[in-house]
Amino acid sequence: MKPRKIPLRKCVACQQMMPKKQLIRVVRTPEDEVLIDLSGKKSGRGAYLCGQVSCFKLAHKNRALDRALKATVKPEIYEQLARDFIAVEDEFTAMANQESDDDE
Ligand SMILES: [Zn+2]
């Protein structure tokens, strides 16, 4: 049995290719809302970030998220995303650690 191929995505901030599961998806919905999509299933244009606040901050600083989403992300949206990011970070890290036991 071959292992299932893991889909890789690139973090828009640090440009690292990572398994999709270890990235947080940010989506711009057809209604032009920008939100964190932990389910990975919302429709719209998506961008991926490592589940780390440092990468989120980098994406903010160099506008990588704006470019990836092809939209200008307003400062108040960044603030909201930053709060959401911090809120999901622990949960996300716990999930990622469970999945990546055989990684190292
Ligand atoms: Zn990153």
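The values are calculated or read from the model by the stated rules, or taken from the named source; none is laboratory data. This one's a predicted model, so the numbers in the text were calculated from it and none came from an experiment. Every residue, glycine among them, receives a Cβ derived from its backbone with ideal geometry; neighbour counts consider all protein chains shown.
Only residues in the range 28-49 that are under 16 Å from V88 (Cα atoms) count as the first member; pair them with residues that are among the polar types (S, T, N, Q) and away from the ligand (no atom under 16 Å from the Cβ), Cβ under 8 angstrom, at least 6 apart or cross-chain, and list the lot.
Taking only residues 6 or more apart or on different chains, the pairs are L35/T29.
Applying the selection to the range 25-40, what residues are under 17 Å from R67 (Cβ atoms), aliphatic (A, V, I, L, M) and either under 8 Å from the mean Cα position of the chain (by Cα) or assigned to a loop (DSSP other than H, G, I, E, B) (or both)?
Scanning the range 25-40 gives a single hit, V26.
Which ones in the range 4-25 are more than 9 Å from the ligand (Cβ to nearest atom) and farther than 15 Å from S54 by Cα?
R4, K5, I6, P7, L8, R9, M17, P19, K20, K21, R25
In the range 88-95, is there at least one residue being at pLDDT below 95, touching a Gly at 6+ places or on another chain (Cβ under 7 Å) and loosely packed, with under 15 Cβ neighbours inside 10 Å?
yes
Quick one: would you say R67 is among the basic types (K, R), touching a residue at least 24 places away in the same chain (Cβ under 8 Å) and either surrounded by fewer than 15 Cβ atoms within 10 Å (Cβ to Cβ) or outside any helix (DSSP H, G or I) (or both)?
When the stated conditions are applied, R67 passes them.
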